[in-house]
Amino acid sequence: MNIKVSEEFLKIIPNFAGCALIANVTNSEYNEDLWKEISLLSSNFREILTEDTIKLIPSILATREAYKKFGKAPSRYRPAAEALIRRVVKGDELYKINTLADLVNLASMFSGYSIGGFDLDKIQGDLVLGIGKNGEPYEGIGRGMLNIENLPVYRDNIGGVGTPTSDNERTKITLETTHFLLLVNGYDGNREGVQNCANHTELLIKKYCSATDIKFIEY
C-alpha cells in the first residue's frame, strides 16, 4: 500500500507528519485487562484535566488549529481524541466495541493524536490524504451521513475512509478483521511523537490481539 499527502493538503499543513502501522491480528469481543488500562487512564484524566484544559493538550491543540485553517469549527466537529477524553472527564464510560477498536481508542486518548483504525481488506487501492469536498458522501461510524467539507480525509479508490472526527462505516474494524491498518496524524509536525504513538499501539496489538507481520510506513 502507498499513502500520499495531496498538494492541496500540504499547502495548508506543510509540516504534517503521518505514520501507518499494518499488521495481522486476531480480534476479540472483549478483553478485561485492556479495559483495566482504559479505566486507569480515564481515572487519571479525571484527576488532572477539565473540559476546558483538554483542548490545550499539544497534539489536540494542533489538530484543532488545523481544523480552523481548513475552515472547519473544531468545537462542532470535534477530533475523535478530544471527544473521547471529554467523555471520560465528564464521568461517562467509553463504549465497548471490540478489542481492536477499543485499543485504538486507548492509544488515541493516551497520545492525543487523531488516529484511524481500519480493516485493511476493506480498503481498495492506495490512500491519499486530502480535503473534503462540498456534498461528498461520507458515512461516519455510528453517526450516519457527515458533512466532511473542509475536513481532512483519507480516500481510497472508492471514496473517503477516515477523518479525524470519525472513520467510515465501510472500512470499520469488526470481529472478523484480520488485517489491521492504523493511521496516526500529526498536525503538530512532531514526527517523533507520531512514531511513539505508533510504537505504543504496536505494543497494545501484540499484547491484546496477537499481532504479527507488523510494518510501518512514514509519510
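The values are calculated or read from the model by the stated rules, or taken from the named source; none is laboratory data. Just so it is clear, the model here is predicted, and its values are computed rather than measured. All Cβ positions, glycine included, derive from the backbone under ideal geometry; neighbour counts span all protein chains shown. Just so you know, the surface numbers come from the protein's heavy atoms only, side chains and all, with ligands and any DNA or RNA stripped out. Shrake-Rupley method; radii C 1.70, N 1.55, O 1.52, S 1.80 Å.
Got at least one residue in region 201-212 being among the small types (G, A, S), in contact with a helix residue (DSSP H, G or I) (Cβ under 7 Å, 6 or more places away or on another chain), touching a residue at least 60 places away in the same chain (Cβ under 8 Å) and more than 15 Å from N105 (Cβ to Cβ)? Let's see the steps before the verdict.
First, pick out the residues of region 201-212 that are among the small types (G, A, S): 210-211.
Subset that is in contact with a helix residue (DSSP H, G or I) (Cβ under 7 Å, 6 or more places away or on another chain): 211.
With touching a residue at least 60 places away in the same chain (Cβ under 8 Å) added as a condition, the list becomes 211.
Next, from what is left, pick out any that are more than 15 Å from N105 (Cβ to Cβ): 211.
The answer is yes; a qualifying residue exists.
I need the full set of residues from region 1-53 which are closer than 22 Å to G193 by Cβ and in a loop (DSSP other than H, G, I, E, B), in order please. Please lay out each step first, then the result.
First pass over region 1-53, keeping only residues closer than 22 Å to G193 by Cβ: 3-5, 9-10, 12-23, 37-38, 40-42, 44-45, 48-49, 53.
Residues satisfying the conditions are I13, P14, N15, F16, L49, T53.
Looking for whichever is part of a loop (DSSP other than H, G, I, E, B) and either buried (at least 21 other Cβ atoms within 10 Å of the Cβ) or not polar (S, T, N, Q) (or both) here; the options are G125, G130. Which one fits? Walk me through it before giving the result.
Values: G130 fails: part of a loop (DSSP other than H, G, I, E, B).
Residue meeting the stated conditions: G125.
Is region 103-117 home to any residue that is surrounded by fewer than 20 Cβ atoms within 10 Å (Cβ to Cβ), of a type in the set (A, V, I, L, M, F, W, C), touching a strand residue (DSSP E or B) at 6+ places or on another chain (Cβ under 6 Å) and not in a strand (DSSP E or B)?
no
Give the residue that is farthest from I85 (Cα to Cα), with candidates limited to residues of region 21-45 that are open to solvent by 100 Å² or more (accessible area, probe 1.4 Å) and without any contact (Cβ under 8 Å) to a residue 60 or more places away in the chain. Outline the logic, then answer.
To start, the set of residues in region 21-45 that are open to solvent by 100 Å² or more (accessible area, probe 1.4 Å) comprises 29-30, 32, 36, 40.
Now drop any that are not without any contact (Cβ under 8 Å) to a residue 60 or more places away in the chain, which leaves 32, 36, 40.
Working: E32: 20, K36: 16, L40: 13 Å.
Checking each candidate, the answer is E32.
Can you report the number of residues in region 60-102 which are closer than 22 Å to G132 by Cβ, among the hydrophobic types (A, V, I, L, M, F, W, C) and either part of a loop (DSSP other than H, G, I, E, B) or open to solvent by 10 Å² or more (accessible area, probe 1.4 Å) (or both)?
The qualifying residues number 7.
Among residues belonging to region 28-72 that are of a type in the set (D, E) and in contact with a helix residue (DSSP H, G or I) (Cβ under 8 Å, 6 or more places away or on another chain), point out the one that is modelled with the lowest pLDDT. Show your work before the answer.
Taking region 28-72 as the starting set, the residues that turn out to be of a type in the set (D, E) are 29, 32-33, 37, 47, 51-52, 65.
From the residues that got through so far, the ones that are in contact with a helix residue (DSSP H, G or I) (Cβ under 8 Å, 6 or more places away or on another chain) too are 29, 33, 37, 51.
Values: E29: 98, D33: 98, E37: 98, E51: 94.
Here the residue is E51.
If I ask for residues that are among the β-branched types (V, I, T) and either under 15 Å from F16 (Cα atoms) or buried (at least 16 other Cβ atoms within 10 Å of the Cβ) (or both), which ones from region 146-190 would you list? Break it down stepwise before answering.
First, the residues of region 146-190 that are among the β-branched types (V, I, T): 148, 153, 158, 161, 163, 165, 171, 173-174, 177-178, 184.
Those that are among the β-branched types (V, I, T) and either under 15 Å from F16 (Cα atoms) or buried (at least 16 other Cβ atoms within 10 Å of the Cβ) (or both): I148, V153, V161, T163, T165, T171, I173, T177, V184.
Being farther than 26 Å from E7 by Cβ and more than 12 Å from the chain's Cα centre (by Cα) narrows it down to one residue among V104, V89, V128; which is it?
Values: V104 fails: more than 12 Å from the chain's Cα centre (by Cα); V128 fails: farther than 26 Å from E7 by Cβ.
The unique qualifying residue is V89.
What number of residues within region 35-69 are among the hydrophobic types (A, V, I, L, M, F, W, C) and under 18 Å from the mean Cα position of the chain (by Cα)?
Start the filter on region 35-69 by keeping residues that are among the hydrophobic types (A, V, I, L, M, F, W, C), which leaves 35, 38, 40-41, 45, 48-49, 54, 56-57, 60-62, 66.
Adding the requirement that they be under 18 Å from the mean Cα position of the chain (by Cα) leaves 38, 41, 54, 57, 60-62, 66.
Final tally of qualifying residues: 8.
Taking region 191-210 on its own, how many of its residues are surrounded by 22 or more Cβ atoms within 10 Å (Cβ to Cβ) and in contact with a Cys (Cβ under 8 Å, 6 or more places away or on another chain)?
Matching residues across region 191-210 total 3.
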